[in-house]
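Working notes, structure below.
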Amino acid sequence: MATLSTPNHAVEQFAEQVKQANLDKQTIQITGNQSKVPLRNEDLNGDPVQELNISNYSGIIEYEPAELVVTVKAGTPLTELQAALAERNQMLAFEPPDYGNSTIGGTYAVGLTGPSKPFRGILRDFVLGTKMIDGQGRQLGFGGKMIKNVAGYDVSRMLVGSKGSMALITEMSLKVIPLAIEVTYCIEMPENEAILLMNKMAGTALPMTGGAYYQGRFYYRVAGEHSLQTNQVGVRECDNSIWLTLNPFRPELEAGEKLWRVDVESTNPAIENTIAVGMGGTRRWVASPHKPNHPYVTLWQTRFAPRHNDTPCVQKIKLGLRDVFDPNHIFKQL
Amino acid sequence: MDVIQALTDAITTKNVLSSVESCRPYECDGLSAYREKPLAVALPDNVEQVKAVLRICKQYKVPVITRGSGTGLAGGTLPLKDGVVLGLSKLSEIIKIDPLQRIAVVQPGVRNIAVSQAVEKYGLYYAPDPSSQIACSIGGNVAENSGGVHCLKYGLTVHNVLSIKVLNMDGEESNFDEKDDGIDLLALMNGSEGLLGVIVEIKLKLLPKPEAAQLVMAAFHSVSDCADAVTSVLEQGIIPAGLEMMDKFSLMAAEEFAKVGYPTEAEALLLCEVDGSHAQVQTDAKRVADILSQKGAYKITVSQSEKERIALWQGRKNAFPAVGRFSPDYYCMDGTIPRNKLAFVLEEIDRLSGIYGLKVANVFHAGDGNLHPLILYDANKEGELQLTEKFGTEILNLCVDVGGTITGEHGVGVEKLNSMCHQYNTPELEIFHGIKAVFDDTGLLNPGKAVPTLHRCAEVGQMHVHNNQLPHPHLERF
Ligand SMILES: Cc1cc2nc3c(=O)[nH]c(=O)nc-3n(C[C@H](O)[C@H](O)[C@@H](O)COP(=O)(O)OP(=O)(O)OC[C@H]3O[C@@H](n4cnc5c(N)ncnc54)[C@H](O)[C@@H]3O)c2cc1C
Ligand SMILES: Cc1cc2nc3c(=O)[nH]c(=O)nc-3n(C[C@H](O)[C@H](O)[C@H](O)COP(=O)(O)OP(=O)(O)OC[C@H]3O[C@@H](n4cnc5c(N)ncnc54)[C@H](O)[C@@H]3O)c2cc1C
């Protein structure tokens, strides 16, 4: 945003490092806490890669609960951010998975959302503004702290999922919501019946915030005051911790199996080798040596495996946008 | 052959307008102070014809101004005299409704309200509800990322769209889906004001209708008490479905127009709607009423029936035309501010209103900080429109200076180009122009809208530092 912001020493240093890399023709890999992407010391051409670690740039910059907005440095660990919000009876609506020490910046960069996805929305829905450093080392700001803001293209939401390949995110403002008081119920049934039921229930006035199928049980989560559930045959209350089992989902795999994240329409019938259904039916986790035959499949392993299934037209747009943000290709591509 | 002939050959004579008379309805959008007769208006029947129009315009290097229903309030569809208006009103088919999956797939010309009407029988609705919803199109909603009175709880358009199909100037189609890997091009398209592509199909998220809703109406002796009360409601963990505030002028005008029993002696009126399960609504309505009275509301009415709830909304929903009756013309602003700056900003607007000699009525989406000051003026009075615009620009700059934005939901269009220079610096504007060029290297899609040229900002900048003084020097800069 325009106007004079106070110079920020740490951010200045990041910007310097990026500018210098332009002069040295040096590739940079942005890292948070590397909970997702382990650092590789060379790029695709085998040239050395310099690390730009943002995990020390951490902490809450501004938080006014009544404005429903928190502004945070990108290196802030999720646990720290979530604890600060919980203290004021608020939370991140998108319930990001915490792989141990994930930062909010890394979570933004990979665009990870939890079980409430179809009910409350995805990570980018809650991004109001970001400050960043582009590939030329310029400090930029897009959006702001407003829940509504349509001035200029929505760059802060667009860069969700950019995986450190277009800009270094230094700060972001996120919309927060009141801490939800939730109860989980479960009932035993076959997978296809559960998929049907979770869709049917999501179309009723029941305030649902989660729907999943795991190890033979249909789980659903409800927020706030609602009609009695346990008077229905087979339904019982169970522990909320199931949502942490599924988010992040870290199953034990058999030898030779791989974990596939499959995103589908919520009503998609059961997919072969599925070991968990989440997000109201829109997310399927498949354990198999072979890639499931669906359009939105990601291999889930210690390293990102980008899908690269864009049409030529979309590919051209993505490459073009990368050049806009990082014309000299300083930031490492995965 | 000229472009009009080529269009006629491609999409038939009945779908191409070019006479002064036939083009008249397309000369402007909701910002009627700006008008221009386009070279021609193309009204394709289907997506194949849209592609043909784009290819022809590219071949003849003719600008394309995409138009939905033309209800935009920022001049986003203002024609160019050498450009073609691409009107999508005939693409008005609801392609698919899947009640189980809770989605609808629609063409861009479908009116907003038509979606909710079509899915009502399933107990579902489409949440974003701009006040213009009986007329505005879903394509226009996506292009503007429109909001409505319920967006604090249910989100803007961007939060309720699952995928879109978009054409570029070559007529090539791309699909942007929420499930896509990598950067979020779907989010980028929301609010891109017709500069990045022509949206020809939209998959919408549908929500179950809440079981119950109740409206709490509260009257205050001062605007700042009312603003504080809003803060308390949100602080205590209630997210109302709607939270609207009116100042004295608007509430009096609304009451005179709609006769719904608003307390005309109040300085500020708050309408707070809660929805959800019956039990939740009862609890929340009571909590809201308690909080508001603790925070100085001197009169509180809680709707006791659906009929009463709808009646109480009528005044607010008609606030614009109601205020409009007091003046030949009015100009609607759309700045958004942090709520805690509300009292200050309203005082400043009042002060400026005195200086400019123009009356202002304020309606306010209080929950999300979106202000709609309505400046009353008379376009027939020499120079009054220019004066109004200048006043408007000052209000928007003020919004930016307190940490807000120049537009919450109406978009930049042609109207707020100068204010964009105030909100963004050169590198950000360069990025915007870069993005535009990636999607549209011809520069033919809605040129001159939404993002000011650097040249223009240089000139505006010279205006701003007039007398070497920044506006509002006493304010901290954000
Ligand atoms: C075993 C395991 C497997 C996983 N597999 C996958 C997978 O296949 N695909 C997937 O998407 N996720 C996967 N994850 C999740 C994910 O990679 C991380 O957990 C992420 O959420 C962690 O944040 P971080 O701070 O540790 O980021 P890091 O792991 O350090 O970085 C994650 C990505 O974000 C970028 N980044 C970090 N901070 C910034 C910043 N401030 N600005 C710009 N870019 C930044 C990095 O360049 C990198 O591309 C996996 C996690 C684990 C533990
Ligand atoms: C009385 C009144 C009340 C209003 N209330 C609200 C409100 O509460 N909230 C709100 O947000 N807005 C409101 N508006 C503004 C306006 O209705 C919205 O901006 C609406 O979304 C515009 O839709 P439209 O179909 O009329 O679009 P148009 O005015 O035809 O076009 C708007 C912009 O979108 C582009 N566009 C249109 N269709 C497409 C497409 N298919 N592909 C690409 N670009 C396209 C155009 O080029 C233009 O830039 C109001 C307007 C009026 C007149």
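The values are calculated or read from the model by the stated rules, or taken from the named source; none is laboratory data. Since the structure is predicted, the reported quantities are computational estimates derived from the model, not experimental observations. Don't worry about glycine lacking a Cβ; one is built from the backbone with ideal geometry, like all the others, and counts go over all protein chains shown. SASA here: full protein model, heavy atoms, side chains in, ligands and nucleic acids out. Shrake-Rupley method; radii C 1.70, N 1.55, O 1.52, S 1.80 Å.
Which percent of the accessible area of segment B:327-415 is formed by carbon and sulfur heavy atoms (probe 1.4 angstrom)? Taking all protein chains in place, segment B:327-415 shows 48 percent carbon and sulfur surface. For B:His372, the residues whose amide H sits under 5 Å from its own are B:Val363, B:Phe364, B:His365, ignoring neighbours fewer than 5 places away on the same chain, with H placed 1.01 Å from N.
The packing ranking of peptides A:309-322, B:83-96, highest mean first, is B:83-96, A:309-322, where packing means the average number of other beta carbon atoms within 10 angstrom of each residue.
Helix B:223-235 axis versus longest C-alpha principal axis of chain B: approximately 80°, rounded to the nearest ten. Among the helices of chain A, none built from whole DSSP H runs has Cα atoms reaching 15 Å or more along its own axis together with a mean Kyte-Doolittle hydropathy of at least 0.5. For chain A, the pair-distance distribution built from all alpha carbon pairs, in bins 20 Å wide starting at 0, is 29, 56, 15, 0 percent. Highest mean packing comes first when the peptides B:389-397, B:292-300 are listed by Cβ atoms within 10 Å, giving B:389-397, B:292-300.
Counting partner chain Cβ atoms within 10 Å of every residue's Cβ in B:189-197, what's the average? The partial results should precede the final answer.
Working: counts 3, 5, 7, 4, 3, 0, 1, 2, 1.
Per residue, the average neighbour count from other chains is 3.
Each residue of segment B:396-402 is assigned a 3J(HN,Hα), and the resulting list reads 5, 4, 4, 4, 5, 5, 8 Hz, derived from the Karplus form 6.51 cos²θ - 1.76 cosθ + 1.60 (θ = phi - 60°), x at Gly and Pro.
Pairwise inverse Cα distances across chain B, averaged and inverted, put the Kirkwood hydrodynamic radius at 23.5 Å. In the structure shown, do any of A:Lys117/B:Lys165; A:Lys131/B:Lys341; B:Lys359/B:Lys390; B:Lys90/B:Lys165 have a Cα-Cα gap over 20 Å, and if so which? Where the Cα-Cα span goes over 20 Å, the pairs concerned are A:Lys117/B:Lys165; A:Lys131/B:Lys341.
As a test of the formula, what do you get for chain B when each DSSP H run with n ≥ 4 contributes -39,500 (n - 2.57) and the sum is divided by the residue count, at 222 nm and rounded to the nearest 500 deg cm²/dmol?
Working: 17 runs with 174 residues, N = 478.
Counting only the DSSP helices, I get -11000 deg cm²/dmol.
Per-residue mean of foreign Cβ neighbours for A:113-121 is 2 (Cβ atoms of other chains, 10 Å radius). Net charge within 13 Å of A:Val176 by Cβ-Cβ distance, Lys/Arg positive one each and Asp/Glu negative one each, not counting A:Val176 itself? Its environment carries a net charge of -3.
Remark: the protein assembly as shown carries a charge dipole of roughly 860 debye about the Cα centre, counting +1 on each Lys and Arg Cβ and -1 on each Asp and Glu Cβ. Per residue, the accessible area of the protein assembly as shown comes to 39 Å², computed with a 1.4 Å probe over protein heavy atoms only.
I need the Kirkwood Rh of segment B:110-201: take the reciprocal of the average 1/r across all distinct C-alpha pairs and report it in angstrom. Spell out each step's value before the answer.
Working: mean 1/r = 0.0730 Å⁻¹.
Result for segment B:110-201 stands at 13.7 Å.
Peptide B:426-435 is shielded by partner chain Cβ atoms: per residue, an average of 6 of them sit within 10 Å of its Cβ.
Computed from phi, the 3J(HN,Hα) profile of segment B:439-450 under the Karplus parametrisation 6.51, -1.76, 1.60 (θ = phi - 60°) reads 7, 8, 6, 7, x, 8, 7, 6, x, x, 9, 6 Hz, with x in place of Gly and Pro.
Which of A:Gln229, A:Gln29, A:Gln17 moves the most in a Gaussian network model of chain A with Cα springs under 10 Å? With Cα springs under 10 Å in chain A, the top fluctuation among A:Gln229, A:Gln29, A:Gln17 is at A:Gln229. Among the cysteines of chain B, B:Cys23, B:Cys28, B:Cys57, B:Cys136, B:Cys151, B:Cys226, B:Cys272, B:Cys332, B:Cys399 have no other cysteine beta carbon within less than 4.7 Å of their own. Considering every alpha-carbon pair of the protein assembly as shown, the percent of pairs per 20 Å bin, from zero through the bin containing the longest distance, is 15, 50, 32, 3, 0. For the peptides B:250-263, B:63-76, the ranking by packing is B:63-76, B:250-263, with the highest mean count of neighbouring Cβ atoms within 10 Å listed first. Ordering B:Val223, B:Ile349, A:Val277 by Cα displacement along the dipole of the protein assembly as shown toward the positive end leaves A:Val277 in first place; charges were set at the Cβ atoms of Lys, Arg (+1) and Asp, Glu (-1). Note that segment B:412-421 has calculated 3J(HN,Hα) couplings of 8, x, 9, 5, 10, 4, 5, 5, 4, 5 Hz, one per residue in order, obtained from phi through the Karplus relation 6.51 cos²θ - 1.76 cosθ + 1.60 (θ = phi - 60°); glycine and proline are x.
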